[in-house]
Amino acid sequence: MAQARYKQLVDALAFDIREGRLPPGTRLPTHRKLAAQEGLALVTASRVYAELEAMGLVSGETGRGTFVRESTLPRNLGIDQHAAASGMVDLNFNYPSLPGQAELLRDGLRQLAASGDLEALLRYQPHGGRPHERAVMARHLAARGLTVSADQVMIVNGAQQGLAVTVMALLQPGDVVAIDALSYPGFKVLAEAHRLELAPIPAAGNGPDLDALERLCKRRRVRAVYTMPTLHNPLGWVMPLSRRRQLVAIARRHGLLIIEDAAYAFLAEEAPAPLAALAPEATVYVSGLSKSVATGLRVGFVAAPAEWVPQLERAIRATTWNTPGVMTALACGWLADGTVARLEKEKRRDAKARQAIAAEVFARMPCIRHPASYFVWLPLPEELRADQLATALMREQIAVSTAEPFATSAQAPHALRLALGSVDLDTLRDALQKVRRAIDAQAY
């Protein structure tokens, strides 16, 4: 009978939520109060809410209670960001593009078609790329402050595959990986797929709380740390050199593998040395050209200690064999002739213009950002719920991300992450003003 009663209560609450009788944002009774109202054991009442949470209908928040979720948002929002539907203003994803990039592609393809190397591009390539192309990538990394030999650099299908082959080659299921409490969703997907345990580290100013990392390493057998020291996504920090050295010291003391994600690092001028330059024996450096050139150009690079290269190349072989020769040749041509350097400079200027708009629109509001990044982080007032705000903005044809895809801890803060790089400047200003008005309307 108890089992039937418990199931009936789950079904009844789920029905009321789906029918709108319990609208999004409704605070449900505490576990103890629900148990008293329904004549249930406390553990059974907790199980009722756990099942509703698993169904995506409610969310429990430590210190605040259990709330009805906004059901029009995707149920798997906690790990994925979703592409904006047609007609939506996309403040969820960044795909920054500059005028003339389509013509750049046409010119590049014409030059490639006229080259004497075309037939070679139709054949399988070495897993990590051809030697002369790896050398081009190594020279590019030298401009970023990282000196490595060509045979330490592997060319991959974008930074995401670079992270994937690093995980495949160097980690095992069950390994504990320290990660920022707010971090890149793509690594969360990898961790889930490869059964890694993510251990969240809270933020502390311009970087993770390294004292918390030290305590974690003393308490647990941590295998690796995943970090974005230069232009963190989503918080935009650039870790100072002193904190980078402290992180390296912790990694050496506890034998940690450092996975350095530098996807947005090109935006930060005069940044401190990469972690891979400070701890070359322990760091895998991953980046690509998706943000600096184009998201459709799936060319990335991984730099690693020489002794790890065979394992990484084997992981590339197991997944895609090699990066398509045509894409690699295009990318290396643009790296060699200065096109990538020019685009990076122009995108730094573009990002600063977009941040200036954001600074104006969100003046006198809490807003975490870097002046040359393509995103801002908006912590919301205590009384606002991010899922409801995101839904209200969807009705305004604006797609935003809540904190859930970025949160690696059990509870996501109520905040929005706004990508600034996917629309023209006038559209961006109008969309950010609508975001500001939506926050003001719900806060007061």
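The values are calculated or read from the model by the stated rules, or taken from the named source; none is laboratory data. Keep in mind it's a predicted model, so treat the numbers as computed, not measured. Neighbour counts are summed over all protein chains in view; Cβ atoms, including those assigned to glycine, are modelled from backbone coordinates with ideal geometry. Protein only, heavy atoms only, side chains kept; ligands, DNA and RNA dropped before computing areas. Shrake-Rupley method; radii C 1.70, N 1.55, O 1.52, S 1.80 Å.
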- Looking only at segment 179-223, and only at residues there that are over 15 Å from the mean Cα position of the chain (by Cα) and of a type in the set (G, A, S), the one that is nearest to T408 (Cα to Cα): A199
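Among L163, L182, L235, which is the only one that is under 30 Å from A372 (Cα atoms) and open to solvent by less than 20 Å² (accessible area, probe 1.4 Å)? Can you show your working first?
On the way: L182 fails: open to solvent by less than 20 Å² (accessible area, probe 1.4 Å); L235 fails: open to solvent by less than 20 Å² (accessible area, probe 1.4 Å).
After applying the criteria, what remains is L163.
Select, from V248, V286, V299, V293, the only residue that is open to solvent by less than 10 Å² (accessible area, probe 1.4 Å) and within 15 Å of V167 (Cα to Cα). Before you say what the answer is, go through the steps one by one.
Values: V248 fails: within 15 Å of V167 (Cα to Cα); V299 fails: within 15 Å of V167 (Cα to Cα); V293 fails: within 15 Å of V167 (Cα to Cα).
Matching residue, one of V248, V286, V299, V293: V286.
In segment 281-326, how many residues are in a helix (DSSP H, G or I) and free of Cβ contacts under 8 Å to residues at least 40 places away in the same chain? Steps first, please.
In the first step, residues of segment 281-326 are kept if they are in a helix (DSSP H, G or I); the result is 306-319, 325-326.
Within this subset, residues satisfying the condition of being free of Cβ contacts under 8 Å to residues at least 40 places away in the same chain are 307, 310.
Of the residues in that region, 2 qualify.
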- Message: Could you tell me how many of the residues in segment 129-161 are farther than 19 Å from S290 by Cβ and part of a loop (DSSP other than H, G, I, E, B)?
- Response: 5
- Note on the structure: Counting only residues in segment 25-47 that are under 15 Å from R69 (Cα atoms), under 34 Å from the mean Cα position of the chain (by Cα) and at pLDDT 80 or above, the one surrounded by the fewest Cβ atoms within 10 Å (Cβ to Cβ) is identified as R27
- Note on the structure: Log entry, pairs with first residue in segment 257-277 being closer than 27 Å to R221 by Cβ, second being open to solvent by 20 Å² or more (accessible area, probe 1.4 Å) and part of a loop (DSSP other than H, G, I, E, B), beta carbons closer than 7 Å, six or more apart or on different chains, reads D261/Y184; P274/R144; P274/G145
- Query: What number of residues within segment 85-128 are in contact with a Gly (Cβ under 9 Å, 6 or more places away or on another chain), crowded, with 16+ Cβ neighbours inside 10 Å and small (G, A, S)?
  - Reply: 2
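Of these, R253, R298, which one is modelled with pLDDT of 95 or more and not small (G, A, S)? Show your work before the answer.
Values: R298 fails: modelled with pLDDT of 95 or more.
The conditions single out R253.
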- Only one of (1) of a type in the set (S, T, N, Q); (2) closer than 22 Å to G255 by Cβ; (3) assigned to a loop (DSSP other than H, G, I, E, B) does not apply to T166, and that is (3)
- Message: Among (1) assigned to a helix (DSSP H, G or I); (2) touching a residue at least 40 places away in the same chain (Cβ under 8 Å); (3) surrounded by fewer than 23 Cβ atoms within 10 Å (Cβ to Cβ), there is one condition P200 misses while meeting the rest; what is its number?
- Response: (1)
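If I ask for residues that are in a loop (DSSP other than H, G, I, E, B) and over 14 Å from F187 (Cβ atoms), which ones from segment 247-263 would you list? If you could, list the steps in order and put the result at the bottom.
Restricting attention to segment 247-263, the residues satisfying the condition of being in a loop (DSSP other than H, G, I, E, B) are 255-256, 262-263.
Within segment 247-263, G255, L256 meet the criteria.
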- Item | Residue among E383, E360 that is outside any helix (DSSP H, G or I) and open to solvent by 40 Å² or more (accessible area, probe 1.4 Å) | E383
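So how many residues does segment 139-160 have that are of a type in the set (V, I, T) and surrounded by fewer than 24 Cβ atoms within 10 Å (Cβ to Cβ)?
The initial filter retains those residues of segment 139-160 that are of a type in the set (V, I, T), namely 147-148, 153, 155-156.
Pick out the ones that are also surrounded by fewer than 24 Cβ atoms within 10 Å (Cβ to Cβ) and you get 147-148.
Number of matching residues: 2.
So, in segment 11-22, exactly how many residues are open to solvent by less than 60 Å² (accessible area, probe 1.4 Å) and within 36 Å of the chain's Cα centre (by Cα)?
Residues that pass the stated criteria total 6.
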- Message: Against the definition (crowded, with 20+ Cβ neighbours inside 10 Å and of a type in the set (K, R)), how does K345 come out, yes or no?
- Response: no
- Query: Given (1) modelled with pLDDT of 90 or more; (2) of a type in the set (A, V, I, L, M, F, W, C); (3) touching a Ser or Thr at 6+ places or on another chain (Cβ under 7 Å); (4) more than 17 Å from E269 (Cα to Cα), where does A351 come up short, assuming only one miss?
  - Reply: (4)
